[in-house]
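To start, the structure itself, in structure tokens.
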Amino acid sequence: MEIYRHACPRNCFSTCGMLSYIEDGKLMKISGDAKHGYNQGRLCAKGYAYTQYVYNPYRLKHPIRQTPRGSGNWKRISWEEAYDTIADKILELNERYGSNLASGYNKFSGNIGLLHYAVEGMFNSIGPHTKPIGNPCLITGERAMRKSFGQMNSIMPEKMAEMNAVVIWGANPAVTNVHQMKFILQARQKGAKLIVIDPIFTRTAATADIYIQINPGTDGWLALGVAKLLIESESYNQEFVHNQTVNWEEFHQYVNEQVDLHEVCSKTGISFDVICELVSIYSIPKPCATWIGFGTQRNENGGQNISAINTLALLGCHSGKGNRSVYYSHNGIDDFPVNLLNHAGPEHPTVQYSREININNFAENASKLVDPPLKFLWIALRNPLSQDQDFQAWESLMKELELIVTVDLFMTKSAELSDIVLPAASHFEEMDLNVSYWHHWLSVNEKAIPPYYEAKSDLQIARELMKKLNDRSPGFSNFPSERKPIDWIREELTPSVKKLYSIESIDDLLECPRLRTEEVTKSSSSSFKFRLFSQGNKGTFTNSFNRGKSDVEESYPFQLLTPQSLLKIHSQYEALPWLNQGAEQDVVELSEYAAEKNGILEGDKVELFNQYGKIAAIARISRFLPQKVVLVNQAGKNPINRLIVQKPQKNKGKSSMNFYDSSVNIRKWCENDG
Amino acid sequence: MMVKQMGFVFNVDLCFGCMACEIACRNENQTDSTVRWRKVSRLTDDSFLSVSCNHCNSPECFRVCPENAFTKRGDGIVQINSDLCIGCGLCIEACPYGAPQYDPLTQKASKCQMCYPRQDKGLPPACVESCSTEALTFVDLNIFCDKKMVGTIPGFPDTRLTNPSIAFYPAIERNRYFLKSSNK
């Protein structure tokens, strides 16, 4: 049995080291890589199911084409034919419009390995085109972190095990970051308290010593309330405040005059006694980890919430002095040149730049493009018809497109509406380099097995398609098609990367994953200055959900929360029998209040609806949900995102998607209107 | 008495129902999709239970099998010899823990064998290896002893019939503050 080293490339905190066991070119089983210091030889349930992912009967084997689009009338085609069709379209559009702006892509996080920036590299290589910018997931919080700390604040997550307390605001590692739980529970076993603040009584909340339920989107109110009490009782870190903050006077005045504890209690729904309990946690002069989950920033107040929590964390626990134990995310990728992403394409005589569209309103904005309109769309590493908002905008965009190509391992909702679908390789079938957005380990991913039937990696597709374009029109693309995956990886391992990870070459990574050397953070020096919460231009928090009593809010009184489920990542893993026992139906969780109000019983078929559409689901009544919250997991046969439509964002690419600012109503299913 | 009695120890307080153990078992044994040698289930609203074959001291499967397909090894592991199994399903009905599973492919019963091929090589069972918080461990129950450990927990089937080789650490109490507007 041969053994190869891998990194799980999913959009997940853990980016686990894994080993594959290969016999006669076949993947027999998987294990965690014991040499990886974060996952330490273990995987999650999804990771252990990879044999069923790779050899799944639903996996796409060959390039396929359907005519007409959406008919389901799929025919197998050769890679040659696929490349010819795509190259014809790109060249014809270029001729028609005089540039490649009519060609574009939509790509996100289906595989976060560095070589999957081949999609961007491929489009860059044909000069100015149409591209998405921004990040639907975490950028609001990232910007808030940078504003507070002046840079990203990134501490090794393993260090959570040494904390005196761990306070989690709106993250659910028991579902989304299983391996972090061992560090948290290690701290707990040494006597640390685990505190979870979340509107949902999650699996993580259930393990907490103290669980505090909060109204969604009001975390900032709570943080400021606790901060006010810390200041009043003078149990905050005064030395830090006086030496290393820039706006203490302003903040102090704001908290004194504007933060009213009665209002804090009423907005957050948390009683004064419980707020005091949190004050006592944050006033212990010992290291305390504050983990801010992405959930806190999926609403209009996201940035302000995080700024307020950062402020509380730095005031309390005396954590400001050289120990800024606030966890959000780690920008591991910033150390790398990411040559594929940053590949410089040929210049165009008249068009200077690519056309950038905010990824969060991609379909709506793409539909509005003129001179030229968008006509060819490449969808890779993403399933927008399940994960994006505003499906109607997508459906109308698709009507305008002349060619849609989707690259995926499975027939996703988006693939179903494409003209050509190309089969993608799994990470066992390609080489890659992986860093995490959470921990500080670097891994190489080896190719262990031949591609499944005719599957190809994104990089291989880029190499071949760009060569095809150049054969037809010499010099059309400047993609270095001759460059192999290992060449791209070697180029990423610059002298500074090698120093940072104490490696001499890729061979060291084949031996074991490597930990990034810890930088001496600026916070320990006196030059570090922290920016305390400030009201900003927006005024105080808008309580986005209960803002007013408009007609829309009267009609749709429930706030829709759509967190990740345990055995999927977005719509990935849906086809794996081990992870999907029995006939899974879409389930909606609702409060006893909502059930009673609408005459709904456990197990009833119900309809979740708003002005954008409706979906059917089976009701599960929860004793633990806030009255006016309904919870639906993502993806499935009728993705819940059909009911999520966000207003256009003005600050292009600078906010995450406010998924949780969505309202719906619920009623019993009525066959007649189904 | 066996020389050894290897048994699982399950710490309710450390389990958050991630199901890694259940799928790690499938990965190791590549069992059919309907065959669940280990099962993670909800014990209460906020706690979980992970159970496989408990390699009982008085195994009912052993007693009811008409073909004498079950044996108990010197280390206490209860094995099933699939060559002898005729797929009658008596063991499946008799076991209080749902351990033997009917495999539609082989038309025989199969069950957790505590990864004895791994144990023989000095490795822990796959489920134990996969548990990131060490909520699931395994010990020789003939010699291991801990005052905090208990023989059963509420929600676990009656242990008197088969004397299962499993022990538990119960959950520790927690403070929970629900919204007043919640139904609590």
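Some notes on this structure:
- Within region A:275-309, considering residues that are more than 18 Å from the chain's Cα centre (by Cα) and among the β-branched types (V, I, T), the one modelled with the lowest pLDDT: A:I284
- Meets criteria (more than 14 Å from chain B (Cβ to nearest Cβ) and more than 23 Å from A:G113 (Cβ to Cβ)) for A:R69: yes
- For A:A206, the conditions (1) under 15 Å from B:F178 (Cα atoms); (2) under 25 Å from the mean Cα position of the chain (by Cα); (3) buried (at least 24 other Cβ atoms within 10 Å of the Cβ) all hold with the exception of (3).
- Unique residue being away from chain B (no Cβ under 14 Å), under 30 Å from B:I23 (Cβ atoms) and modelled with pLDDT under 95 when the list is A:S565, A:S550, A:S571, A:S525: A:S571
- Residues that are touching a residue at least 60 places away in the same chain (Cβ under 8 Å) and within 22 Å of A:E454 (Cβ to Cβ), drawn from region A:379-406: A:I379, A:A380, A:L381, A:R382, A:N383, A:L403, A:I404, A:V405
- A:V241, sole failed condition from (1) within 13 Å of chain B (Cβ to nearest Cβ); (2) within 27 Å of A:E518 (Cβ to Cβ); (3) in contact with a Phe, Trp or Tyr (Cβ under 7 Å, 6 or more places away or on another chain): (1)
- Qualifying residue in region A:331-352 (condition: in a loop (DSSP other than H, G, I, E, B) and more than 30 Å from A:P128 (Cβ to Cβ)): no
- Scan of region A:16-35 for residues that are free of Cβ contacts under 8 Å to residues at least 24 places away in the same chain, more than 8 Å from chain B (Cβ to nearest Cβ) and closer than 18 Å to A:M181 by Cα, ordered by number: A:A34
- Pairs with Cβ under 7 Å, 6+ apart, first in region A:238-264 and modelled with pLDDT of 90 or more, second charged (D, E, K, R): A:T245/A:K529; A:V246/A:K529; A:V246/A:R531; A:N247/A:R531; A:V255/A:K228; A:V259/A:K228; A:L261/A:K228
- Condition met for A:F149 (more than 14 Å from every other protein chain (Cβ to nearest Cβ), closer than 27 Å to A:E300 by Cβ and of a type in the set (F, W, Y)): yes
- Single condition A:L115 does not satisfy, out of (1) under 22 Å from A:H440 (Cα atoms); (2) within 14 Å of chain B (Cβ to nearest Cβ): (2)
Residue-by-condition table, conditions (1) within 14 Å of chain A (Cβ to nearest Cβ); (2) surrounded by fewer than 18 Cβ atoms within 10 Å (Cβ to Cβ); (3) touching a Gly at 6+ places or on another chain (Cβ under 6 Å); (4) within 30 Å of A:Y38 (Cβ to Cβ):
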| position | (1), (2), (3), (4) |
| --- | --- |
| B:G87 | no, yes, no, no |
| B:A99 | no, no, no, no |
| B:T106 | no, yes, no, no |
| B:A126 | yes, no, no, yes |
| B:S130 | yes, no, no, yes |
| B:K147 | no, yes, no, no |
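- Among residues of region A:618-640, those that are outside any strand (DSSP E or B) and either within 21 Å of the chain's Cα centre (by Cα) or away from chain B (no Cβ under 14 Å) (or both), counted: 8
- Residue within region A:86-100 that is modelled with pLDDT of 95 or more, hydrophobic (A, V, I, L, M, F, W, C), outside any helix (DSSP H, G or I) and assigned by TED's automatic domain parsing to the domain that holds A:L377 present: no
- Selection within region A:643-662 - surrounded by fewer than 20 Cβ atoms within 10 Å (Cβ to Cβ) and at pLDDT 90 or above: A:V645
- Residue within region B:48-67 that is within 14 Å of chain A (Cβ to nearest Cβ), crowded, with 16+ Cβ neighbours inside 10 Å and β-branched (V, I, T) present: no
- Here A:A595 does not fit the description of being modelled with pLDDT of 95 or more, touching a Gly at 6+ places or on another chain (Cβ under 9 Å) and not in a loop (DSSP other than H, G, I, E, B).
- Out of B:R42, B:R36, B:R26, sole residue that is within 14 Å of chain A (Cβ to nearest Cβ), more than 17 Å from B:S110 (Cα to Cα) and of a type in the set (K, R): B:R42
- Residue check, A:K267 assigned to a helix (DSSP H, G or I), buried (at least 20 other Cβ atoms within 10 Å of the Cβ), within 14 Å of chain B (Cβ to nearest Cβ) and out of contact with any strand residue (DSSP E or B) (no Cβ under 8 Å at 6 or more places or on another chain): yes
- A:V326 meets the conditions (1) more than 25 Å from the chain's Cα centre (by Cα); (2) of a type in the set (A, V, I, L, M, F, W, C); (3) under 24 Å from A:N172 (Cβ atoms) in every case but one. The failed one is (1).
- Which listed residue, of A:Y83, A:Y105, is part of a helix (DSSP H, G or I), crowded, with 17+ Cβ neighbours inside 10 Å and at pLDDT 95 or above: A:Y83
- Residue in region A:36-59 that is of a type in the set (K, R), within 12 Å of another protein chain (Cβ to nearest Cβ) and touching a helix residue (DSSP H, G or I) at 6+ places or on another chain (Cβ under 9 Å) present: yes
- Residues of region B:161-182 that are surrounded by fewer than 16 Cβ atoms within 10 Å (Cβ to Cβ) and small (G, A, S): B:S181 alone.
The values are calculated or read from the model by the stated rules, or taken from the named source; none is laboratory data. It should be emphasised that the depicted structure is a prediction, and the values quoted were computed from it without experimental measurement. Cβ: placed from backbone, ideal geometry, glycine included. Neighbour counts: every protein chain shown.
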